[in-house]
Amino acid sequence: MKKTFKIIVLMLLVTTAAHAQLPIKFGLKGGLNITKVKFDKNIAVSDNRAGFFIGPMAEFSLPINGISADVAILYDQKNIKVNNNTREKLKFIDIPINLKYNLGLGDFVGVYLSTGPQLSFNIGNKRLFYGDTWTMGFAGDNYKMKSSNFSWNVGAGVKLINHILVGYNYNIAIGKTADVDFQYTEDTVWKVKMKNSSHQISVAYLF
């Protein structure tokens, strides 16, 4: 039910903008992300890992001076490494919707601040398992990935010649990315929640 509600909200936002006949530009957006995995218990160590994202976007000019909004559909590949295990690739379809405040510095350059929600759908592995062999049997760390994630974006950037956007964004995980069963000892399993937030550098071109 929660997942369906989020999808409906996103569709309503996009449809409302379209019916309002707001000035709109379409484009392509891509960039790099640096992902950091965090757990609600201090029992695992993770490294910062680089990934990438790419996909179409649209920018709407709102009837308020200096205010615009954009929406994108991005293929997002996040790389993670936990407790020296083999690096894993997490694959998502991200739908960010950002409200932007724009400040022009001349005919060719402007700056902007942006913020807004993002809904991500897991299209990669639904379960990650790092196994080990114990004397009395088989055990390992079990990652049960969520099918969708909710997060929030905060960013800033520059706009060049009204067509090129270069920006920085911090994607803050609101909900959990996975439920994890950590095999601490042969007889002890710790159940924890995993979240991953990302620093993002992006470049977009609006046609």
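Every number in this text was worked out from the coordinates using simple rules, so none of it is lab data. This one's a predicted model, so the numbers in the text were calculated from it and none came from an experiment. Cβ atoms come from the backbone with ideal geometry, glycine included; neighbour counts cover every protein chain shown.
Quick notes on this structure:
- Local net charge near LYS29, Cβ-Cβ under 14 Å (Lys/Arg +1, Asp/Glu -1): -1
- Pairs from the list LYS89/LYS159; LYS38/LYS78; LYS100/LYS176; LYS100/LYS126 with a Cα-Cα gap above 25 Å: LYS89/LYS159; LYS100/LYS176; LYS100/LYS126.
- Net charge of Cβ neighbours under 9 Å - reference ASN79; Lys, Arg +1; Asp, Glu -1: +4
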